[in-house]
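Undergrad: Supplied in structure tokens, the structure appears directly below.
The values are calculated or read from the model by the stated rules, or taken from the named source; none is laboratory data. Just so you know, these numbers come straight off a predicted model, no measurement behind them. All Cβ positions, glycine included, derive from the backbone under ideal geometry; neighbour counts span all protein chains shown. Side chains are part of the model used for accessible areas, which takes the heavy atoms of the whole protein and leaves out ligands, DNA and RNA. Shrake-Rupley method; radii C 1.70, N 1.55, O 1.52, S 1.80 Å.
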Amino acid sequence: DDKLGRLLDVLEETGLDDNTIVVFTSDHGEMLGERGMWLKMTMFEWAVRVPLVVSFPKRFGARRVAQNVSLVDLLPTLIDLASDDRSLEPPDRLDGHSMLRLLESGADDAWPDLAIADFNAGGAPGPMRMVRQGRYKYVHLADHPALLFDLGSDPDELCNLAGQAAWHDIEERLRALALQEYDPQDIRA
């Protein structure tokens with residue numbers, strides 16, 4: 001907090017705060033003893049949820065956005081902010097979506113409310129993919145049972161709903177998103 005505050009103070013002192021976009025984030029969270037686990041090698045909220053603060057007072061005010069966003073949404077957002085309302089088309093398809101409407105008004109009717117994360121590094125029992133859409137989170141771990149959580153009613157992810165008939169449609173929808181253009185066996189190989 002102190003370092004970020006000092007950076008913002010310097011921007012204000014130099015008059016650069018009017019035309020500077022500040023983005024504060026992290027690439028991953030950490031398990032700091034929750035569930036007796038350490039490091040980041042899970043898809044529980046403590047390990048995958050990261051801070052994302054975007055500040056550009058000249059363009060939008062302070063607000064909290066409830067929808068799921070992802071770090072891959074930053075590039076399309078920054079392109080939109082830099083374009084000055086001109087349509088700039090990147091030379092290749094970008095993953096992610098511009099968060100500009102969310103930042104300006106807190107709402108975007110076309111927002112997919114989706115975040116996808118992968119973990120394949122050391123310590124993982126196999127390729128792992130998490131899909132979070134709305135209040136639901138699905139975790140696909142190759143050769144292991146799936147995990148499905150309703151984060152609205154179970155924010156601590158204590159009740160796995162995967163395999164339960166009442167949650168079948170949600171599980172199948174999220175599973176299809178998880179496996180779209182993703183083959184765990186290819187990744188393992």
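Undergrad: Please work out the FRET efficiency for the pair D186 and D2, using the Cβ-Cβ distance as r and a Förster radius of 41 Å; give the result to the nearest 0.05.
TA: Numbers: r = 45 Å, r/R0 = 1.10.
Given R0 = 41 Å and the Cβ-Cβ separation, E is 0.35.
Undergrad: Relative to the longest principal axis of the C-alpha atoms of the chain, give the angle of the C-alpha long axis of helix 2-13, reported between 0 and 90° and rounded to the nearest 10°.
TA: 30
Undergrad: How much accessible surface does I21 have with a 1.4 Å probe, in Å² rounded to 10?
TA: Answer for I21: close to 60 Å² accessible.
Undergrad: Continuing with this model, one more query. When only Cα pairs under 8 Å and 6 or more residues apart are kept, what is the percent relative contact order across the chain?
TA: Working: 252 pairs, mean separation 25.7, N = 189.
It rounds to 14 percent for the chain.
Undergrad: Separate question: Give the calculated FRET efficiency between S87 and I21 to the nearest 0.05, with a Förster radius of 25 Å applied to their Cβ-Cβ distance.
TA: After rounding, the FRET efficiency stands at 0.85.
Undergrad: Along Cα→Cβ, 7 Å out, is where each label goes; now give me the distance between the ones at D95 and H168 in nm to one decimal.
TA: Distance between the two pseudo-spin positions: 3.2 nm.
Undergrad: Could you please state, rounded to a whole Å, how far the C-alpha centre of the range 163-189 is from the C-alpha centre of the range 109-153?
TA: When both Cα centres are located, 9 Å separates them.
Undergrad: Give the lysines reachable from K137 as a straight Cα distance under 29 Å; neighbours fewer than 8 places away on the same chain don't count.
TA: In chain and number order, the partners are K40.
Undergrad: Let me ask something else. Just the ratio, please: alpha-carbon radius of gyration of the range 1-50 over 2.2 N^0.38 Å, N its number of residues.
TA: Compared with the compact-globule rule of thumb, the range 1-50 sits at 1.67.
Undergrad: Show me 59-67, 130-138 ranked by packing, highest mean number of other Cβ atoms within 10 Å first. Spell out each step's value before the answer.
TA: Values: 59-67: 12.0, 130-138: 21.3.
Listed from highest to lowest mean packing, they are 130-138, 59-67.
Undergrad: Taking every Cα atom in the range 49-189, find the radius of gyration and the maximum pairwise distance Dmax, and write them in Å.
TA: 17.3, 50
Undergrad: Compare S87, S26, S105 in a GNM of the chain, Cα atoms joined below 10 Å, and give the one with the largest fluctuation.
TA: Among S87, S26, S105, the largest GNM mean-square fluctuation belongs to S87.
Undergrad: Given labels modelled 7 Å from the Cα in the Cβ direction, how far is it in nm from D9 to E30?
TA: Modelled inter-label distance: 2.5 nm.
Undergrad: Over the Cα atoms of the range 27-109, Rg to Rh with Kirkwood Rh, two decimal places?
TA: Taking Rg over the Kirkwood Rh, I get 1.07.
Undergrad: Rounded to a whole number, what % of the accessible area of the chain do carbon and sulfur atoms account for, probe 1.4 Å?
TA: Taking all protein chains in place, the chain shows 52 percent carbon and sulfur surface.
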